[in-house]
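Just so it is clear, none of the values below were taken in a lab; they were calculated from the coordinates. All figures in this text were calculated on a predicted structure; none of them were measured in a lab. As a convention, Cβ positions derive from the backbone with ideal geometry for all residues, glycine included, and neighbour counts pool all protein chains shown.
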Amino acid sequence: MATTIYSATASLDGFIAGPGGDMSWLTRFFDAPGEGRAQDAADDAASRLMRGTGALLVGNRSFRGDDPNRGTDREGAFAGEYDGPAVVLTHNPPADTVDGVTFVSDLHEAVETATGIAGDAYVAVIGADVARQMIDHGLLDEVLVFFVPVFLGAGVRLFDRPDGGEVRLAPIPGETELWCRVEH
């Protein structure tokens, strides 16, 4: 059965997108020279996640939002290296079909569809609100976070629950330190 995993790159102050959903700040960190063991571990984790992903589960804001690589050969998930199916959770699907994309309006149906497509591979969750909803419903298995050395000061938070509430995460032994299981 597929493992659902929310993975994102965040600023040190916990934002995955800047004000207005701006993602352009990320481009200067792509292909940055390694900084030793921690960077190597992060690169390895990202590569293994990408190779092991069988489907994406994407929120509407992320699907329609800013891609830091828009207009380049690196546009798309995993810097353009992912070429597989995606399920988009939205109440407003586009009028025209999009190749490789299934639009679903119900969270549980979206997770079921994505995990069915992924088989034994990962379902990579893209979108902070979708990840929060999945956590709230006990549908998210793992979290993998990469931090880059910048403060954005505002924008879209890595995780935000309007009414608060702690979510316990347990580091996965043998993985990079910020690859965790969600404790349900």
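As a footprinting exposure proxy, order Phe103, Phe147 by other Cβ within 10 Å, with the fewest listed first.
Ordered by Cβ neighbours within 10 Å, fewest first: Phe147, Phe103.
Roughly what would the spin-label model give for Ala121 and Phe29, points 7 Å off Cα along C-beta, in nm?
Computed distance between label sites Ala121 and Phe29 equals 2.5 nm.
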